[in-house]
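Okay, so here's the structure we're looking at.
The values are calculated or read from the model by the stated rules, or taken from the named source; none is laboratory data. Fair warning: this is a prediction, and the values are worked out from it, not measured in the lab. Because the Cβ atoms are built from the backbone with ideal geometry, glycine has one as well, and the counts that use them run over all protein chains shown. Areas reflect the complete protein model, heavy atoms only, side chains present, ligands, DNA and RNA absent. Shrake-Rupley method; radii C 1.70, N 1.55, O 1.52, S 1.80 Å.
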Amino acid sequence: MSTFPVRRPRRLRQNAAMRELVAETRLHPADFILPLFIAEGIDTPREITSMPGQFQHTADSLVRIAESALQAGVRCVDLFGVPLASKKDATGSVAWDPEGILNLGIQRLRQEFGDELLIMADTCLDEFTDHGHCGVMRADGTVDNDATLPLYCDMAVSQANAGAHIISPSGMMDGQVGAIRAALDAAGHEEVAIMAYSAKYASAFFGPFREAVGSSLEGNRRTYQQDPANARESLLEVELDIQEGADFVMVKPALPYLDVLRQVADMSPLPVAAYQVSGEYAMIKAGAEKGWIDGPAVMMESLTSIKRAGADQILTYFAIDAAKALQ
Ligand code: PBG
């Protein structure tokens, strides 16, 4: 028998106004970055089967979707390029061709939106190589880290020339951030920022993305992306990217790696982004389509959890839907 009255945490949950008053985590449309795909050789947008509601875009439909993002309050897009299969080669050379599909997309967005919309570009060779790996291969079939770095540098500089505000190296080669920073500076692009995919795991949650970009990959990326069993090496990866000159660091995927995200957020002096990847999106869409979960509610709950775990920015295919839900 206590002499004190019962402690009642439920007082702060009693109605919506009270719950909002005490909410620790608030999502805002400006938190979101929308990943987008521009494809070569199509004249109408093509829906990605395993990512309902997401499309491979033409240049015109890319502009329209970016316009919708802006209207919803989303100020940043992350652009991926899907070249014709016939343009892929062993080094992914179309990646740094100023007339390559990704660079044309960047140019078009920058022309249309200037500095209203931040254009982030994916800097990685996997969409452009005929073997689908993120770097060039040695004769023995392994990925050659140091031979890949100059190609990333050429790609990053071509993206900055095309008008990208943010370069996002996603290939997990050692030293990629430092190499790209030096190349951008040498080319007079000191103002172009780098969002480093720092803690990126060899994840099965990337499955639908492979369809989205028409990936040629056979095999896996386990010699360069991280082992899902490990959290500690993420802190090393983040530390190195900070030393090499990153402006943002990222954890990817998001929901299965919230523990990693929290640890990175606790130690990073830089903004920390998290990428809710294609498989996370697809699972929510599929569950909702079957009527097994409430799609919009799960969308907002997952995004809230990612922010609560420490993300400052969230890359998400739900960016427009979530931003609209917040209006
Ligand atoms: C590599 C890249 C990938 C994704 C983003 N950048 C694929 C991979 O590493 O295999 C995955 C994004 C997603 O699944 O939504 N260019």
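Which numbered condition trips up R222, out of (1) surrounded by fewer than 20 Cβ atoms within 10 Å (Cβ to Cβ); (2) more than 13 Å from the ligand (Cβ to nearest atom)?
(2)
For region 99-123, give me the residue count where each residue is open to solvent by less than 10 Å² (accessible area, probe 1.4 Å), within 19 Å of L151 (Cβ to Cβ) and over 15 Å from the mean Cα position of the chain (by Cα).
4
Go through (1) open to solvent by less than 30 Å² (accessible area, probe 1.4 Å); (2) hydroxyl-bearing (S, T, Y); (3) under 15 Å from S216 (Cβ atoms) and name the single condition S61 misses.
If we test S61 against (1) open to solvent by less than 30 Å² (accessible area, probe 1.4 Å); (2) hydroxyl-bearing (S, T, Y); (3) under 15 Å from S216 (Cβ atoms), just (3) comes out false.
List every residue pair whose Cβ atoms sit under 6 Å apart, with the two residues 6 or more apart in sequence or on different chains, where the first one lies in region 70-94 and is open to solvent by 60 Å² or more (accessible area, probe 1.4 Å) and the second, anywhere, is not in a helix (DSSP H, G or I).
R75/L118; L84/E40; L84/G41
Select from region 275-297 the residues that are β-branched (V, I, T) and farther than 15 Å from D321 by Cα and write down the one among them that is farthest from the chain's Cα centre (by Cα).
Ranking the qualifying residues of region 275-297, first place goes to I293.
Condition check ((1) outside any loop (DSSP other than H, G, I, E, B); (2) farther than 15 Å from R210 by Cα; (3) within 14 Å of the ligand (Cβ to nearest atom); (4) in contact with a Ser or Thr (Cβ under 7 Å, 6 or more places away or on another chain)) across all residues:
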site	(1), (2), (3), (4)
A30	yes, yes, no, no
L36	yes, no, yes, no
D43	no, yes, no, yes
T49	no, no, no, no
I65	yes, yes, no, no
L70	yes, yes, no, no
V74	no, yes, no, no
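Residues that are at pLDDT below 95, polar (S, T, N, Q) and within 16 Å of the ligand (Cβ to nearest atom): find the helices (runs of 4 or more DSSP H) completely inside region 238-311 holding 3 or more of those.
No helices (runs of 4 or more DSSP H) qualify here.
Identify the single condition in (1) surrounded by fewer than 22 Cβ atoms within 10 Å (Cβ to Cβ); (2) more than 13 Å from the ligand (Cβ to nearest atom); (3) among the hydroxyl-bearing types (S, T, Y) that S215 does not satisfy, given that it satisfies every other one.
It is condition (2) that S215 fails.
Quick check, is E239 of a type outside the set (F, W, Y) and open to solvent by 60 Å² or more (accessible area, probe 1.4 Å)?
Spelling it out, E239 is indeed of a type outside the set (F, W, Y) and open to solvent by 60 Å² or more (accessible area, probe 1.4 Å).
Working only within region 29-51, note down all residues that are more than 16 Å from the chain's Cα centre (by Cα) and among the aliphatic types (A, V, I, L, M).
Result: A39, I42, I48.
So that you can scan it fast, the table gives a plain yes or no per residue for (1) at pLDDT below 95; (2) aliphatic (A, V, I, L, M); (3) more than 28 Å from Q107 (Cα to Cα):
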position	(1), (2), (3)
F4	yes, no, yes
R13	no, no, yes
T25	no, no, yes
P29	no, no, no
G41	no, no, no
R64	no, no, no
L70	no, yes, no
R75	no, no, no
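Please go through (1) touching a helix residue (DSSP H, G or I) at 6+ places or on another chain (Cβ under 8 Å); (2) within 20 Å of L270 (Cα to Cα); (3) crowded, with 21+ Cβ neighbours inside 10 Å for A156 and return the number of the only condition it doesn't satisfy.
For A156, the exception is condition (2).
Please specify each residue of region 268-278 satisfying the condition of being open to solvent by less than 10 Å² (accessible area, probe 1.4 Å) and over 13 Å from S302 (Cα atoms). Break it down stepwise before answering.
Narrowing region 268-278 to residues open to solvent by less than 10 Å² (accessible area, probe 1.4 Å): 272-278.
If the condition is that a residue be open to solvent by less than 10 Å² (accessible area, probe 1.4 Å) and over 13 Å from S302 (Cα atoms), then V272, A273, S278 are the ones that fit.
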